[in-house]
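FYI, it's all coordinate maths here, none of it is from the lab. Quantities reported herein were computed from a predicted structural model and do not represent experimental measurements. In this analysis, Cβ positions are derived from the backbone assuming ideal geometry, glycine residues included, and neighbour counts consider all displayed protein chains.
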Amino acid sequence: MELNSKRNQQEAFLIEHDYIRGWLPHKIYAFSTNQAPGYLKVGETSRRVWERLHEWQRKIPDLTSENEWNAMLPEGDINSTTYFSDHAIHHFFDVKEFENLPVQEKTGNSKEFYKVTLSDIDESIKDINFDFLNNNGGRSKYEFYEITEAKKRKKIYKRNQDFALRNNQKA
């Protein structure tokens, strides 16, 4: 894994010198390791993915970064403050009955290793985005969160109907 690329050094400089303010988009990341062949660790971070993977390298030195995705919704909206967590992806995997690494084989003290491919992760993100956009009459399969809630995670329900004011609500 290349943690010392020129781009990462520039990002580290900006962070170190306190030039970045506000929030970073949440990201989903996947990595593999020889300690769990055939499995991918799928996680989420509100920081730079390379920072999070660097932390994981302390526990799992042989990790290989596989990919990263935006966790912001709707997909492609660069101004969005709504995101999903890795729990939504894990839920998708559980429903689809993808194998989770057995507890006795836990690698790096993580229960988030699944026998999945990058295509499976892509499919899960598409399903999460579809659920967010359509919201199935307010009965979402997944939980969505607002960055502006500052660490306080809150389920977001999108209105799917408009109601007339009751008599006691009229001015």
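Here are a few things to note about the model shown:
- Amide proton proximity set for E66, modelled H, under 5 Å, gap of 5+: A30, F31, S32
- Across the range 48-65, rounded Karplus estimates of 3J(HN,Hα) from the backbone phi angles (6.51 cos²θ - 1.76 cosθ + 1.60, θ = phi - 60°) give 5, 4, 4, 5, 5, 5, 4, 5, 5, 4, 5, 8, 10, x, 8, 5, 10, 5 Hz, Gly and Pro being marked x.
- As a calculated quantity, the FRET efficiency between E146 and K96 at R0 = 30 Å, using C-beta atoms, amounts to about 0.65.
- Phi angles across the range 98-109 convert, under the Karplus curve 6.51 cos²θ - 1.76 cosθ + 1.60 with θ = phi - 60°, into 3J(HN,Hα) values of 6, 6, 9, 4, x, 3, 5, 9, 3, 9, x, 6 Hz, Gly and Pro given as x.
- Taking each of K27/K141; K96/K141; K141/K170; K41/K126; K106/K126 in turn, the alpha-carbon distance tops 24 angstrom for K141/K170; K106/K126.
- Long-range HN-HN contacts of E44 with modeled amide H, under 5 Å: Y29, D86
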